[in-house]
Amino acid sequence: MIRILGLAKKAGLLAVGTESVSQAARLGKAAAIISASDASERSIRQARMYAEDAECEHIAVPYTKFELGQVVGRGSPGMLAILDVGLANKFITGLDM
């Protein structure tokens, strides 16, 4: 399911990193906010707060920052936001498998 993040990035439907996720949440564009398994407690609290403000899901995934960075092609982000409801739902349901 991690591949969905790569597809979302290519389609311009993924916010990567704290600043981008914060902005997406503030503008009501975030459909789901994701925290890496090794994100700091501060980062996880921020992600939860952004998700609450945007009224969307917050998901702590079993992927590390390095693994997420490899898929989205950008550093080692502690948080991401999927900006499309359909992709977010597909990602969430895929994690439940």
**Message:** Given the criterion under 21 Å from LEU95 (Cα atoms), of a type in the set (D, E, K, R) and without any contact (Cβ under 8 Å) to a residue 40 or more places away in the chain, identify the matching residue among GLU52, GLU67, GLU41.
**Reply:** GLU52
**Given (1) out of contact with any Phe, Trp or Tyr (no Cβ under 6 Å at 6 or more places or on another chain); (2) over 16 Å from GLY28 (Cα atoms), index of the condition ALA88 fails** = (2)
**Complete:** Reported set for segment 21-38 where residues are in contact (Cβ under 8 Å) with a residue 40 or more places away in the chain and under 20 Å from GLY86 (Cα atoms) is VAL21, ALA24, ALA25, LYS29, ALA30, ALA31, ALA32, ILE33, ILE34, SER35
**Complete:** Quick count over segment 1-31, residues being touching a Ser or Thr at 6+ places or on another chain (Cβ under 9 Å), more than 11 Å from PHE91 (Cβ to Cβ) and open to solvent by less than 30 Å² (accessible area, probe 1.4 Å), is 1
**Only listed residue being surrounded by 15 or more Cβ atoms within 10 Å (Cβ to Cβ), touching a Ser or Thr at 6+ places or on another chain (Cβ under 7 Å) and not hydrophobic (A, V, I, L, M, F, W, C), chosen from LYS90, LYS65** = LYS65
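Can you find a residue that is assigned to a loop (DSSP other than H, G, I, E, B), modelled with pLDDT of 95 or more and surrounded by 14 or more Cβ atoms within 10 Å (Cβ to Cβ) anywhere in segment 46-57? Break it down into steps so the answer makes sense when it comes.
Applying the first criterion (assigned to a loop (DSSP other than H, G, I, E, B)) to segment 46-57 yields 55-56.
Among the residues that remain, those that are also modelled with pLDDT of 95 or more are: 55-56.
Going one step further and asking which of them are surrounded by 14 or more Cβ atoms within 10 Å (Cβ to Cβ), we end up with 56.
Yes, segment 46-57 contains at least one residue that is assigned to a loop (DSSP other than H, G, I, E, B), modelled with pLDDT of 95 or more and surrounded by 14 or more Cβ atoms within 10 Å (Cβ to Cβ).
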**Message:** Going residue by residue through segment 74-81, is there one that turns out to be open to solvent by 50 Å² or more (accessible area, probe 1.4 Å), in contact with a Lys or Arg (Cβ under 9 Å, 6 or more places away or on another chain) and assigned to a helix (DSSP H, G or I)?
**Reply:** no
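The values are calculated or read from the model by the stated rules, or taken from the named source; none is laboratory data. Because the structure is predicted, anything quoted here is derived from the model rather than measured. Note: ideal-geometry Cβ built from the backbone for every residue, glycine included; neighbour counts use all protein chains shown. Heavy atoms of the whole protein, side chains included, go into the accessibility calculation; ligands, DNA and RNA do not. Shrake-Rupley method; radii C 1.70, N 1.55, O 1.52, S 1.80 Å.
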